[in-house]
Amino acid sequence: MTGEMTRQDGRVRVVYSPRHELHSPERELEKSQFQAPFEHPGRAEVIRAALAADPMFDIVGPDEWGTALIEAVHDPGLVRFLATAWEEYQAECGPTRDVVPDVFHHPAVREGMGAAAEPGPVSMRLGWWCYETTTPLTEGTYAAARASVDVALSATAAVLAGERAAYGLCRPPGHHAARAVYGGYCFFNNAAVAAQHAAAEGAKVAVLDVDYHHGNGTQQIFYGRGDVLFVSLHADPARAYPYATGFADETGAGAGLGANVNLPLGPGAGDAEVLAALARAGEAIDRFGADFVVVSLGLDMYAGDPIADLAVTAAGFAASGRAVGEWGRPTVVLQEGGYAAAELGTNAQAWLTGLGS
């Protein structure tokens with residue numbers, strides 16, 4: 001796995017699809033209130049505009065990859081559900097723009113009675129395949145989620161072919177989507193699909209998640225596997241979404257024991273604390289012997305993010321990217337969260353410029 005930091009023309013590949021705009025919910029339900037979505041098309045457009053204005057970056061479209069590589073990490077039933085759910089809901093329940101579950105599958109409902117079967121009505125299946133209320137389906141969600149995976153796989157293919165690094169401007173994000181459930185603004189797990197593909201091509205892969213929120217979906221997908229390392233820096237789940245995962249004592253199971261590393265951060269953690277955690281992440285990646293890194297890049301560690309409580313600066317993002325670049329491994333960077341929309345372009349540009357410096 002060797003290659004140059006940039007393409008032959010000296011520019012870094014940025015893979016982007018305008019199809020992300022097809023997922024455009026009007027509202028999300030959080031804290032028992034409907035509100036304007038924090039995750040919206042403007043996020044990706046701010047990043048795209050900033051990178052387009054910088055001659056270091058070359059923005060290209062993705063290839064189409066189909067669903068086989070998605071189904072290598074996700075239950076095929078999840079793929080089938082997302083492909084038709086919005087249209088089915090319109091027919092079953094009447095016209096509506098944003099579709100969210102009314103009832104969630106919960107194992108305690110059938111405690112002592114055996115496993116449940118997937119319900120028939122789409123209004124019930126929503127709560128079978130989704131675990132929370134902030135991730136509405138819209139008419140274009142499936143197409144946008146498919147395009148987001150195409151972006152991730154196209155960036156991965158570029159690095160597998162010899163480029164030192166590439167950036168996938170993924171939207172919707174992906175790291176909260178587990179094998180058989182979506183949520184947390186995420187439908188398909190872009191980083192897990194990319195990591196699985198790279199591993200199948202012979203790479204020894206580490207996934208580094210640097211989003212404010214723990215990448216519970218990525219952890220769940222690889223938790224029992226020893227061939228892909230998952231390392232995550234994130235806000236301590238004792239106070240932060242997704243609350244149920246991301247604790248330091250979650251180290252993998254079975255063949256994956258030791259291949260899962262969580263590095264929770266306290267409130268107000270800033271540049272110094274994140275860089276120290278990145279150093280520990282690098283040590284874990286060295287021990288694992290990874291020769292390929294997939295980064296789930298969250299920019300919601302930023303000091304001004306509206307749904308986070310860390311204090312990373314633009315300079316801290318640049319230093320973080322530089323630290324990862326100094327590991328000297330082929331690196332695919334895939335966009336996850338970050339909700340201080342006005343600053344997303346500056347912060348993404350800082351992280352990626354640091355990576356290439």
Search result, residues across region 307-353 that are more than 17 Å from the chain's Cα centre (by Cα), among the β-branched types (Val, Ile, Thr) and over 22 Å from ALA53 (Cβ atoms): VAL312, VAL324
Single unsatisfied condition, ARG80 versus (1) in a helix (DSSP H, G or I); (2) crowded, with 19+ Cβ neighbours inside 10 Å: (2)
Filtered residues of region 224-236 (kept if in contact with a strand residue (DSSP E or B) (Cβ under 7 Å, 6 or more places away or on another chain) and of a type outside the set (Asp, Glu)): VAL228, LEU229, PHE230, VAL231, SER232, LEU233, HIS234, ALA235
When residues of region 229-243 are limited to those that are hydrophobic (A, V, I, L, M, F, W, C) and within 16 Å of the chain's Cα centre (by Cα), the one farthest from GLY270 (Cα to Cα): LEU229
Flag for GLY120 being free of Cβ contacts under 8 Å to residues at least 12 places away in the same chain and at positive phi: no
Test: residue in region 189-212 that is crowded, with 22+ Cβ neighbours inside 10 Å, free of Cβ contacts under 8 Å to residues at least 60 places away in the same chain and in a helix (DSSP H, G or I): no
Pair list, Cβ < 9 Å and 6+ apart or interchain, from region 307-330 residues that are of a type in the set (Asp, Glu) to residues that are surrounded by fewer than 24 Cβ atoms within 10 Å (Cβ to Cβ): ASP309/ALA235; ASP309/ARG239; ASP309/ALA240; ASP309/PRO267; ASP309/GLY268; ASP309/ALA269; GLU326/GLY282
Hits in region 44-63 (condition: of a type in the set (D, E, K, R), surrounded by 14 or more Cβ atoms within 10 Å (Cβ to Cβ) and in contact (Cβ under 8 Å) with a residue 60 or more places away in the chain): ARG48, ASP54
So PHE230, is it among the aromatic types (Phe, Trp, Tyr) and outside any loop (DSSP other than H, G, I, E, B): yes
Filter result for the condition that a residue is assigned to a helix (DSSP H, G or I), of a type outside the set (Asp, Glu) and crowded, with 18+ Cβ neighbours inside 10 Å, over VAL109, VAL73, VAL151: VAL151
Residues satisfying the stated conditions in region 111-145, i.e. closer than 19 Å to HIS176 by Cα and among the acidic types (Asp, Glu): GLU132
Checking TYR182 against (1) hydroxyl-bearing (Ser, Thr, Tyr); (2) in contact with a helix residue (DSSP H, G or I) (Cβ under 8 Å, 6 or more places away or on another chain); (3) assigned to a loop (DSSP other than H, G, I, E, B), the condition it does not meet: (3)
Odd one out for GLY127 among (1) at pLDDT below 95; (2) assigned to a helix (DSSP H, G or I): (1)
Among the candidates ALA116, ALA157, ALA143, residue that is touching a Lys or Arg at 6+ places or on another chain (Cβ under 7 Å) and at pLDDT 95 or above: ALA143
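The values are calculated or read from the model by the stated rules, or taken from the named source; none is laboratory data. All figures in this text were calculated on a predicted structure; none of them were measured in a lab. Here Cβ is always computed from backbone atoms with ideal geometry, including for glycine, and neighbour counts include all displayed protein chains.
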